[in-house]
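Asker: Pasting a structure below so you can have a look.
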Amino acid sequence: MEYLIHILIMIFIYSILSVSLNLVSGYAGLISMAHSAFYGIGAYISAIMAFKYQSPFLINFVSAVSLCSLFGALVGIPSLRIRDDYFVIATVAFQIIIFNILNNWVSLTNGPMGISVIQMPIIFGVKLSSHLEFLILIGTLSACIYWISYRVVCSPFGRVLKAIREDEVFALAAGKNIAIFKVLIFVISSGMAGAAGVMYSYYISFIDPTSFTVMESIFIITIVIIGGAGKLFGSVAGAIILVLIPEILRFIGIPSTIEANIRQIIYGGMLVAFIIWRPKGLFGDYIFYS
Amino acid sequence: MNILSQILANVIISWSMIFLVGISFLLIFSTARFFHFGHASVITVGAYICYYFIKIIHFPAPISILMGIVVAAVLGYGLELIIFKRMRLNGASSLTLLLASIGGYIVIQNIISLFFGDQIVVLNDSILFSSISIVGSKITAMQLLLIGLAILFLLSKIYLIDKTKLGLALRAVSDNPELASISGIDEDKIMFVAFFLSSILGGIAGIVRAFDIGMTPTTGLDMLLSGVVAVVIGGNGATIGVAVASILLASFQQFASWQFGEMWKDSITFAVLLAYLLLRPQGIYIKSIRKTEV
């Protein structure tokens, strides 16, 4: 039972990450390889605040999400000047710089040793005591985030995002201020990734920089592509599939020493296979073209 | 004086490596027009095959090095043949090519991890490791060889691209593939040349690195990223631009290592890249990279 709860929580965390990345990549057409940087920033801010100042969960949550949004704006603004492949490189650069800071700024982040936060969140005086209660919390949060994303993409705002993705020059010619749209969607998306980071740090209760590498970003974009860019429930489906695959490996008895490699080979292979034979992903309606 | 000349030597060594990887990446980038991150796996595979032949089945060094380069070249062209050719025929964009390339990298890097483990492997060779003192700075013979290779490839790349018919065809395909194919240039053949040459260079870079400092399955990506930064800063497709950008990057990296410590090297590299992309996105060669200016 505990095992099932763990898997469900991981599925929820990755659903939040992939749905929020889908807003940027699937709807606005900007491939970002910096998503796990926001995830990491969120996780680290809440962990540092909980560890150093013993501040309550809600304050940590709000400050992590708002700071992540701020960083999101920081990455969103270059997207106005830099296009396509170069934007991918720029986000890789941001991701690597953030990882480097998490890894090397020892006085703040404790470096490669990581930070332990051993406390469960307390919300309005109710202390969560078991993982089941945590599952309910993160389930509610994911539902909220899915709902917000759904409202975003179904609104006129979402329509403009799709217009930017299909033809940026046309959207500009139609009188849309694409700068505001791009930066705003980055702010929204990275705030959500930050929320996932907060949940991760409270759930795992120990974080170190290796959880927030560029490979993790690639994993999240793989979920988006396999699930389908431009469809929110596709990202949820992708998260379920890609979180479950390593668990299946465990059941068929792959030794744990090579499990991480096998897992990565499988998702790398799936990424290539999907890009070649089904670039739309399982449920998507958009393939990345320049 | 001593420390300055040592830093200068380090700058030259690190320039050679960045430049070598940079032009090997550039060959593909300027011909196939996408960011081929999978090239990192070619670099790594070259080094590991060489390691396998020397350390595990004890072949003499020259044959091992040759095998490393050959396998790297075959792998590089294999990626093009299996993945990218098919995608290009279907009219894939550079973004999807980039994503497929990353997928390929992940697969190959993890296969190497499976077989060789994640620990560092070093191909030390006593002759190549003896350090020589040149005006107060220590430099190993391997590093001298690396510098020589970089200068050799700088000159031959300029000659190849600017003076030969093959270079003309490479530039033609990179400028306008359709027009090139109308003029009777076989695009597949040009891609073969680009991927093959580039992978040979990549394999050499990987092997030199394994001899010099050592190799882990992820070192290839670190090396490639520096090269990519040099290519982006250098502008689109100019060998000289990459050479100048590599000098710039190497100086920044060495200065940062000296002042703040080795660990901030990556941050500096990518901060330089971000600053460049934001302030002067067209690189040294002017070409618009903003969509709204098309």
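Asker: Regarding region A:149-166, can at least one residue be identified that is among the hydroxyl-bearing types (Ser, Thr, Tyr) and either in contact (Cβ under 8 Å) with a residue 24 or more places away in the chain or crowded, with 24+ Cβ neighbours inside 10 Å (or both)? Don't jump to the end; show me each part of the working.
Answerer: Of the residues in region A:149-166, the ones among the hydroxyl-bearing types (Ser, Thr, Tyr) are A:149-150, A:155.
Narrowing further to those that are either in contact (Cβ under 8 Å) with a residue 24 or more places away in the chain or crowded, with 24+ Cβ neighbours inside 10 Å (or both): A:149-150.
Within region A:149-166 (the criterion being among the hydroxyl-bearing types (Ser, Thr, Tyr) and either in contact (Cβ under 8 Å) with a residue 24 or more places away in the chain or crowded, with 24+ Cβ neighbours inside 10 Å (or both)), the answer is yes, since at least one residue qualifies.
Asker: Can you pull out the residues in region B:76-94 that are at the interface with chain A (Cβ under 7 Å from one of its Cβ atoms) and either free of Cβ contacts under 8 Å to residues at least 12 places away in the same chain or basic (Lys, Arg) (or both)?
Answerer: Start the filter on region B:76-94 by keeping residues that are at the interface with chain A (Cβ under 7 Å from one of its Cβ atoms), which leaves B:83, B:86-87, B:93-94.
Correct list: B:86, B:93.
Asker: Quick one: would you say residue A:116 is surrounded by 15 or more Cβ atoms within 10 Å (Cβ to Cβ), more than 14 Å from chain B (Cβ to nearest Cβ) and under 17 Å from the mean Cα position of the chain (by Cα)? If you could, list the steps in order and put the result at the bottom.
Answerer: On the way: surrounded by 15 or more Cβ atoms within 10 Å (Cβ to Cβ): yes; more than 14 Å from chain B (Cβ to nearest Cβ): yes; under 17 Å from the mean Cα position of the chain (by Cα): no.
In short, no.
Asker: Would you confirm whether or not region A:33-53 contains a residue that is within 24 Å of residue A:284 (Cβ to Cβ), in a loop (DSSP other than H, G, I, E, B), more than 10 Å from every other protein chain (Cβ to nearest Cβ) and modelled with pLDDT of 90 or more?
Answerer: Yes - at least one qualifying residue is present in region A:33-53.
Asker: I would also like to ask the following. Which of the residues belonging to region B:235-261 are under 24 Å from residue B:145 (Cβ atoms) and surrounded by 20 or more Cβ atoms within 10 Å (Cβ to Cβ)?
Answerer: Correct list: B:239, B:242, B:243, B:245, B:246, B:249, B:250, B:253, B:254.
Asker: Tell me which helices (runs of 4 or more DSSP H) are completely within region A:130-217 and hold 3 or more residues being among the β-branched types (Val, Ile, Thr), or say none if there are none. Outline the logic, then answer.
Answerer: On the way: elements: A:131-154, A:156-166, A:168-173, A:178-204.
Those helices (runs of 4 or more DSSP H) span A:131-154, A:178-204.
Asker: Additional query: What pairs come up if the first residue lies in region A:111-136 and is at positive phi, the second is in a loop (DSSP other than H, G, I, E, B), and their beta carbons are under 6 Å apart, counting only those six or more places apart or on different chains?
Answerer: A:114/A:208
Asker: Restricted to region A:1-10, and to residues that are over 12 Å from residue A:199 (Cβ atoms) and assigned to a helix (DSSP H, G or I), which residue is modelled with the lowest pLDDT? Spell out the reasoning first.
Answerer: Here is the first cut: in region A:1-10, the residues over 12 Å from residue A:199 (Cβ atoms) are A:1-8.
Cutting the leftovers down to assigned to a helix (DSSP H, G or I) gives us A:2-8.
Details: A:2: 84, A:3: 89, A:4: 91, A:5: 92, A:6: 92, A:7: 93, A:8: 94.
So the residue we want is A:2.
Asker: Now, a different point. What's the total number of residues in region B:35-63 that are surrounded by 24 or more Cβ atoms within 10 Å (Cβ to Cβ) and either of a type in the set (Lys, Arg) or outside any helix (DSSP H, G or I) (or both)?
Answerer: Within region B:35-63, residues that are surrounded by 24 or more Cβ atoms within 10 Å (Cβ to Cβ) and either of a type in the set (Lys, Arg) or outside any helix (DSSP H, G or I) (or both) number 4.
Asker: Follow-up. In this structure, does residue B:129 turn out to be within 20 Å of residue B:64 (Cβ to Cβ) and at pLDDT below 85?
Answerer: Working: within 20 Å of residue B:64 (Cβ to Cβ): yes; at pLDDT below 85: yes.
Yes; evaluated as a whole, the condition is true for this residue.
Asker: Additional query: Output the number of the condition that residue A:269 fails; it satisfies all remaining conditions of (1) without any contact (Cβ under 8 Å) to a residue 12 or more places away in the chain; (2) more than 14 Å from chain B (Cβ to nearest Cβ).
Answerer: (2)
The values are calculated or read from the model by the stated rules, or taken from the named source; none is laboratory data. Just so we're clear, the structure is a prediction, and the values are computed from it rather than from any experiment. In this analysis, Cβ positions are derived from the backbone assuming ideal geometry, glycine residues included, and neighbour counts consider all displayed protein chains.
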